[in-house]
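Here is the structure we will look at, set down as structure tokens.
The values are calculated or read from the model by the stated rules, or taken from the named source; none is laboratory data. What you are looking at is a predicted structure, and each value in this text was computed from that prediction instead of being measured. Methodologically, a virtual Cβ is constructed for each residue, glycine included, from the backbone with ideal geometry; neighbour enumeration extends over all protein chains shown.
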Amino acid sequence: MEDREFVKMRQHMIAEVVAEAVFLTQQLGKPAFAARVVDAMADVPRHEFVPLEVKPYAYLNRPLPVGYGKTVSQPFIVALMTDLLDPQTGDIVLEVGAGVGYQAAVLSRLVKHVYSIEIVEELAREARHRLERLGYRNIEVGVGNGYYGWREHAPYDKIIVTAAPDLIPPPLIDQLKPGGRMVIPTGIPEKQQLVLLEKAADGKLATREILPVRFSELEEGDTAAGAA
């Protein structure tokens, strides 16, 4: 049974996230995140996705270090990116940057299946084991460079990217279905913007900048994704 204190802290975190969304009414076009997104956030035990030494801080609305020079994203940003993605129950989603698996866990409550890529093999292995232990059955974690997507399972209804390239990678655009959405931070480190990309039925692209963000850089290399 889950620790009552963690439940209370998670409720407080959710209240903060919901309150903060009000300040983005103009960018979101609405005064609140979708209720099902908030419910998914409330359902995922963030303390299970962070190292032991930072568990007491798991429900602070801030990014936390998880090793390998990486962080788990701020809960508000996870909620924002998830809401912008507009996840539907039948969606097949690609996540670039599995990290510890927290974002994938939130998405798994909202979509049919999540394919998640992580370039750091040890991190991917740990995320895979953690998600299996916690009972998330509709997530597959692969190892490789997400810049190139994961062509084996493409095309995707939605794509979410948790590291920032200078420009949106063409392979990811190619692997997004017509009618699909991608949420991605882009730009040089000091001037990143969270961007919503929408691909029309005829393949035309439309992008909208949401707000300034700070993510680690998305590496470009020659290692495509796989299930190592």
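Which condition does residue 154 not pass, out of (1) free of Cβ contacts under 8 Å to residues at least 60 places away in the same chain; (2) farther than 20 Å from residue 212 by Cβ; (3) more than 17 Å from the chain's Cα centre (by Cα), if it passes all the others?
Going through (1) free of Cβ contacts under 8 Å to residues at least 60 places away in the same chain; (2) farther than 20 Å from residue 212 by Cβ; (3) more than 17 Å from the chain's Cα centre (by Cα) one by one, residue 154 breaks only (1).
Taking the stretch 67-102 as the region of interest, how many residues are in contact with a Ser or Thr (Cβ under 8 Å, 6 or more places away or on another chain) and of a type in the set (D, E, K, R)?
Number of matching residues: 2.
May I ask you to list the residues in the stretch 191-217 that are without any contact (Cβ under 8 Å) to a residue 40 or more places away in the chain, outside any strand (DSSP E or B) and small (Gly, Ala, Ser)?
Within the stretch 191-217, 200, 201, 203 qualify.
Tell me, yes or no, whether the stretch 142-149 has at least one residue that is surrounded by 18 or more Cβ atoms within 10 Å (Cβ to Cβ), under 22 Å from residue 201 (Cα atoms) and either in contact with a Leu (Cβ under 6 Å, 6 or more places away or on another chain) or without any contact (Cβ under 8 Å) to a residue 40 or more places away in the chain (or both).
Within the stretch 142-149, one or more residues are surrounded by 18 or more Cβ atoms within 10 Å (Cβ to Cβ), under 22 Å from residue 201 (Cα atoms) and either in contact with a Leu (Cβ under 6 Å, 6 or more places away or on another chain) or without any contact (Cβ under 8 Å) to a residue 40 or more places away in the chain (or both).
I'd like to check which strands (runs of 3 or more DSSP E) are fully inside the stretch 76-150 and have at least 1 residues that are over 22 Å from residue 199 (Cβ atoms) and not β-branched (Val, Ile, Thr).
Qualifying strands (runs of 3 or more DSSP E): 113-118, 139-143.
In the list 224, 228, which residue meets the criterion of being over 18 Å from the mean Cα position of the chain (by Cα), modelled with pLDDT under 90, within 14 Å of residue 96 (Cβ to Cβ) and not in a helix (DSSP H, G or I)?
Just a single option satisfies the conditions, and that option is 224.
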